[in-house]
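Have a look at the structure below, then the notes.
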Amino acid sequence: MSPEAIKDLLYRLADDKLILGHRHSEWIGMGPILEEDIAFASMAQDEVGHAQCYYQLLHELGEGHPDEVAFTRQTEAFRCCHLVELPSQDYAFSLVRHFLFDMADKVRLSHLRRSKYPHLAELATKLAREEKYHEMHAKTFLRQLSQANEDARARMQAALDEAYPMAFGIFEPTIFTETLSNQGIQPLEDALMKEWRTLVEPLLIEAGLTLPSTADFLDYFGGRSGRHTPHLAPLVAEMTEVFAIDPAAKW
Amino acid sequence: MPPISYDPRVNRVELPDAGQLHQENALDQWQNYEVFQQMKRGEQHHHVGAVHAPNPEMALLFAKEQFGRREQCANLWVVKSAEVYATEYDDADMFQHAFDKSYREGDGYKVRDTIESFKRDLDARLGLETAVVQPGKAAEPLAESVAQSRKTGDWEVIELPDIGKGPRKIWVKAR
């Protein structure tokens, strides 16, 4: 098995989770109601926890300590997709992004559980347990808000119009995509993307939303090779602010 | 100029002045649901608190994170608070007894689970096998078959006096 290919995959998985977890965490204390504030914050914490697990696997393959990797890299070194970088905007956008991303995560984890890389297969089985609630939360809110009233539906549709083509960036291939598939570590990104579409599109239609055009999805590629949106740099600056005060501090 | 923050806590807090507070009507609000949590399958559900939600599905969704996250949980119930009927506190004196009737109080039931689990644990630690004898039957034949199936060798049986009602428990002990 190619360690370089595995590292490439792990960085993508970890960075998506870290950045999305940070974006989700921005709602702490600002959620629409107390119960949802707690639920969303809890999922943010899950995502950062999952990122830490992937960074730990990277550490075992010779990469830096998880804290160091998460908090000292330059923006260009991140391998996250554009979808997770975008500001949280309104709650509808955060919910739609959470739905699209977590459904993609569900598809990917279902394959990683059978990965030929045993550490990853073991971890995917564990993480899938927490993702079950994320899926339930995402689907319930999607249905609820898309069918509540015209104001809610319009906000959900606007959020989907923006987030949907961008979500294709989750499946942006890298130079290791074929190696990973040939070695049984995970299927081709294209295959995962098709499976994800068959999962999310009927749910979006059932919720009463219109599927947006995805013609421009290639515009949102680049994250996997370090080409990011302008939103990532301020996020990383804010996220690493405390760590940067004293990188050698013992926590 | 300081960098622009995208954190909504920093740049999206726009609270209205106290004078223009928005009034909500009763029906604009979500409903209250009481939450009952079961720690282990087979145990009773206990009331743990309440959540606000527009429907039962979302009440369960919220209940999971509010109450199912910090401790063991096997199952949750939600019930609309409006569906709960209660006695009046003004009538609380009806629960007082005029005479001492403490013999009626069901205190024993409250610790039953603890006692049962202690008994099972104790039997296991003492190396005792247990069996249940049906009413009217002798303990010996059953004890012998238990001893044989466990290859206990030389054994003795401990039994409480048969008071003639219902099945009774015996202990089979290696001598």
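The values are calculated or read from the model by the stated rules, or taken from the named source; none is laboratory data. In this text the structure is predicted, and so the values were computed from the model without any measurement. Because the Cβ atoms are built from the backbone with ideal geometry, glycine has one as well, and the counts that use them run over all protein chains shown.
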Can you pull out every residue in the range A:196-251 that is part of a loop (DSSP other than H, G, I, E, B) and aromatic (F, W, Y)?
A:F221, A:W251
Within the range A:21-51, can you find the residues that are away from every other protein chain (no Cβ under 14 Å) and either buried (at least 22 other Cβ atoms within 10 Å of the Cβ) or on the phi > 0 side of the Ramachandran plot (or both)?
A:E47, A:H50, A:A51
Return the residue satisfying two criteria in turn: it lies in the range B:55-103 and is within 14 Å of another protein chain (Cβ to nearest Cβ) and out of contact with any strand residue (DSSP E or B) (no Cβ under 7 Å at 6 or more places or on another chain), and of such residues it is surrounded by the fewest Cβ atoms within 10 Å (Cβ to Cβ).
B:R70
Picking from B:K119, B:K151, B:K137, B:K173, the residue that is within 30 Å of B:Q44 (Cα to Cα) and not aliphatic (A, V, I, L, M) would be B:K119
Can you find a residue in the range B:128-144 that is under 21 Å from the mean Cα position of the chain (by Cα) and of a type in the set (S, T, Y)?
no
So which residues in the range A:207-243 are in contact (Cβ under 8 Å) with a residue 60 or more places away in the chain, over 21 Å from the mean Cα position of the chain (by Cα) and either closer than 26 Å to A:R155 by Cα or within 14 Å of chain B (Cβ to nearest Cβ) (or both)?
A:A207, A:G208, A:L209
Looking only at residues in the range A:67-84 that are closer than 14 Å to A:A51 by Cα and charged (D, E, K, R), which one is nearest to the chain's Cα centre (by Cα)?
A:R79
From the list A:A77, A:A51, which residue is farther than 23 Å from A:Y133 by Cβ and touching a residue at least 12 places away in the same chain (Cβ under 8 Å)?
A:A77
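Results for (1) in contact with a Lys or Arg (Cβ under 9 Å, 6 or more places away or on another chain); (2) surrounded by 19 or more Cβ atoms within 10 Å (Cβ to Cβ); (3) among the polar types (S, T, N, Q); (4) within 19 Å of A:V96 (Cβ to Cβ), shown as yes or no for each residue.
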position: A:D161; (1), (2), (3), (4): no, no, no, yes
position: A:M166; (1), (2), (3), (4): yes, yes, no, yes
position: A:T177; (1), (2), (3), (4): no, yes, yes, no
position: A:G184; (1), (2), (3), (4): yes, no, no, no
position: A:L199; (1), (2), (3), (4): yes, no, no, yes
position: A:G208; (1), (2), (3), (4): yes, no, no, yes
position: A:L211; (1), (2), (3), (4): no, no, no, yes
position: A:F217; (1), (2), (3), (4): no, no, no, yes
Which of the following residues is outside any helix (DSSP H, G or I) and more than 13 Å from A:F101 (Cβ to Cβ): A:G49, A:G64?
A:G64
Identity of the residue in the range A:127-145, away from chain B (no Cβ under 11 Å) and without any contact (Cβ under 8 Å) to a residue 24 or more places away in the chain, that ends up surrounded by the fewest Cβ atoms within 10 Å (Cβ to Cβ):
A:R129
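In the set A:S88, A:S94, which member is crowded, with 19+ Cβ neighbours inside 10 Å and out of contact with any helix residue (DSSP H, G or I) (no Cβ under 6 Å at 6 or more places or on another chain)?
Details: A:S88 fails: out of contact with any helix residue (DSSP H, G or I) (no Cβ under 6 Å at 6 or more places or on another chain).
Exactly one of A:S88, A:S94 is crowded, with 19+ Cβ neighbours inside 10 Å and out of contact with any helix residue (DSSP H, G or I) (no Cβ under 6 Å at 6 or more places or on another chain), namely A:S94.
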Single residue of the range A:85-124 satisfying the filter (at pLDDT 95 or above and polar (S, T, N, Q)) that is farthest from the chain's Cα centre (by Cα)
A:S115
Examine the range A:185-197 for a residue that is under 25 Å from A:A159 (Cα atoms), out of contact with any helix residue (DSSP H, G or I) (no Cβ under 8 Å at 6 or more places or on another chain) and either of a type outside the set (A, V, I, L, M) or at pLDDT 95 or above (or both), and state whether such a residue exists.
yes
Of the residues in the range A:180-205, those that are in contact (Cβ under 8 Å) with a residue 40 or more places away in the chain and in contact with a Ser or Thr (Cβ under 9 Å, 6 or more places away or on another chain) number 8
